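These notes concern the structure reproduced below.
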Amino acid sequence: MLRIKDNILYFDGCNTVELAKSYGTPLYVLSETAIVERCREIKETFLNKYERTRAAYASKAFLTLAMCKIIEREGLCLDVVSGGELYTAIKADFPAERIEFNGNNKSLEELELAIDYNIGRIIVDGFDELDIIEDICRKKGKKTNILYRITPGVKSDSHDYIVTGKKDSKFGFPLDDDVIFPAIEKAINSPYVNFLGLHFHVGSQLHTNESHLKALNITLKLIKDLIERYDYVIKELNVGGGYGIRYTDADDRKPYAYFLDPIMEQIEEFSKNMNITRPDVVVEPGRSIVGEAGITLYTIGTIKDIKGVRKYVSVDGGMTDNIRPALYQAKYEGLIANKAGEPRNDLVTISGKCCESGDILIKDIYLPKAERGDILAVFSTGAYCYAMASNYNKNPMLATVLVKEGKSQVIVKRQTYEHMIANEIIPSL
Ligand code: LLP
């Protein structure tokens, strides 16, 4: 998707220096072609290969009305984790039956919105959530499809903040017999829900399939227990997302098949051995659909060369549009879009403009000699950047431009100062 021509960086056929000029910086740029490529990969190597499977895009990675439309058109389902994400999906007319709702502390209002809209599934995260859902369904005369999210108690190799499958987690039911079995029994017997099965998610930005397979083994054991205890065969198994992408040379993005083929093999073998119908299998990729499909363009401003220490190259955005380096010590790569073909001999650190020493986007990167006014492109910013943006220091949120084969269109307008203070009130007291 990234190409260099005449010393200029092109992204999905668009001249990024021109994009910066036309739409201003900082700017998120999202390639529709790249998103579609990833959706097609999952279709060809998973959905079409195995029957009764679904892929629900984890919308927390990046969600706008435009993204809902792309995901809908590509035939994927949508995983939401808040009333706001659900509202966005509803506003985009996303088909209700293709929406599933995750989250460890869904509010009454959020659950009501989900049930009113007749979404496909609610993934229940704890005991009292079932009570609330039953209550809503009783009052509305409805029955809702649910799964239980379990914490299989495996540790994944990723940053501690994005590891979710270990036992000490705020997510899901722990697998203690006296917790999980009464909970499942209650759901199986409830007249207000259809208990479809189980869900796990082990973590994010994973480059090996080890923890997925460990979690799967533990889950299959639970499925066996349910057959033996209650003569109950689950209908659906959701194995979450977490498939890693390429941020720097240190990462390699594995094909979906690397994760999903062994998962399917084990589930199919288990089902055959148990003489049961294989459950429908659902995956929830977020980052891997959209992460490498996004770049961020910045304009370089102040350059501060502290002799013998470090050269700071400051840009007009920072931790407000990409919190990941500050929060997870995430590493990024980039280059100067208007000097894309030039040798990179100058070791610099890219700093943001926030009043915070930790506002460093890239520590130690070789670039051509940077000058004020140059355009810096940072790669692989499609996931969890726009989604985690803030107004810290009252910096307005960026515009997002969708590009496709040389064409571009704004899909999120730049926030204005006026917009930023629109909800503020000067007290009359
Ligand atoms: N399903 C569930 C239940 C999840 O909790 C998550 C991510 C996903 C699916 C999607 O995972 P993915 O395929 O995107 O790895 N803000 C962090 C990532 C937090 C991920 C939380 N859950 C970051 O910027 O790295």
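Here are the numbers for this structure:
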quantity: Test: residue in the range 310-323 that is part of a helix (DSSP H, G or I), within 16 Å of the ligand (Cβ to nearest atom), open to solvent by less than 10 Å² (accessible area, probe 1.4 Å) and not basic (K, R); calculated: no
quantity: Residue under evaluation F62, criteria (1) open to solvent by less than 10 Å² (accessible area, probe 1.4 Å); (2) in contact (Cβ under 8 Å) with a residue 60 or more places away in the chain; (3) out of contact with any Phe, Trp or Tyr (no Cβ under 6 Å at 6 or more places or on another chain), criterion not met; calculated: (3)
quantity: Test: N238 is assigned by TED's automatic domain parsing to the domain that holds C68, within 12 Å of the ligand (Cβ to nearest atom) and farther than 30 Å from T400 by Cα; calculated: yes
quantity: In the range 14-53, the residues that are surrounded by 19 or more Cβ atoms within 10 Å (Cβ to Cβ) and among the β-branched types (V, I, T); calculated: T16, V17, T25, V29, I35, I42
quantity: Leading residue by the ranking (nearest to D12 (Cα to Cα)) among those in the range 32-63 that are outside any helix (DSSP H, G or I) and away from the ligand (no atom under 16 Å from the Cβ); calculated: N48
quantity: Selection within the range 1-11 - buried (at least 23 other Cβ atoms within 10 Å of the Cβ) and farther than 13 Å from K339 by Cα; calculated: F11
quantity: In the range 271-286, residue farthest from L213 (Cα to Cα) [restricted to those that are touching a helix residue (DSSP H, G or I) at 6+ places or on another chain (Cβ under 9 Å) and within 16 Å of the ligand (Cβ to nearest atom)]; calculated: G286
quantity: Considering residues of the range 370-418 that are assigned to a helix (DSSP H, G or I) and away from the ligand (no atom under 16 Å from the Cβ) only, the residue most open to solvent (accessible area, probe 1.4 Å); calculated: Y417
quantity: Where a residue in the range 83-95 is under 13 Å from G120 (Cβ atoms) and its partner, wherever it lies, is crowded, with 19+ Cβ neighbours inside 10 Å and among the small types (G, A, S), with Cβ under 7 Å and at least six apart; calculated: L86/A114
quantity: Test: residue in the range 220-229 that is of a type outside the set (D, E, K, R), assigned to a loop (DSSP other than H, G, I, E, B), in the same structural domain as P174 (by TED's automatic domain parsing) and surrounded by fewer than 17 Cβ atoms within 10 Å (Cβ to Cβ); calculated: no
quantity: Subset of the range 199-224 [hydrophobic (A, V, I, L, M, F, W, C) and over 17 Å from P285 (Cα atoms)]; calculated: I218, L220, L222, I223
quantity: Selection status of R253, without any contact (Cβ under 8 Å) to a residue 40 or more places away in the chain, within 16 Å of the ligand (Cβ to nearest atom) and open to solvent by 50 Å² or more (accessible area, probe 1.4 Å); calculated: yes
quantity: Test: residue in the range 340-357 that is within 28 Å of the chain's Cα centre (by Cα), more than 30 Å from L47 (Cα to Cα) and modelled with pLDDT under 95; calculated: yes
quantity: Hits in the range 170-184 - residues which are under 14 Å from L130 (Cα atoms) and within 16 Å of the ligand (Cβ to nearest atom); calculated: G172, F173
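The values are calculated or read from the model by the stated rules, or taken from the named source; none is laboratory data. These numbers come from a predicted model, not from an experiment. When we count neighbours, we look across all protein chains shown, and the Cβ atoms used for this are built from the backbone with ideal geometry, even at glycine. For accessibility, only protein heavy atoms count, side chains too; no ligands or nucleic acids. Shrake-Rupley method; radii C 1.70, N 1.55, O 1.52, S 1.80 Å.
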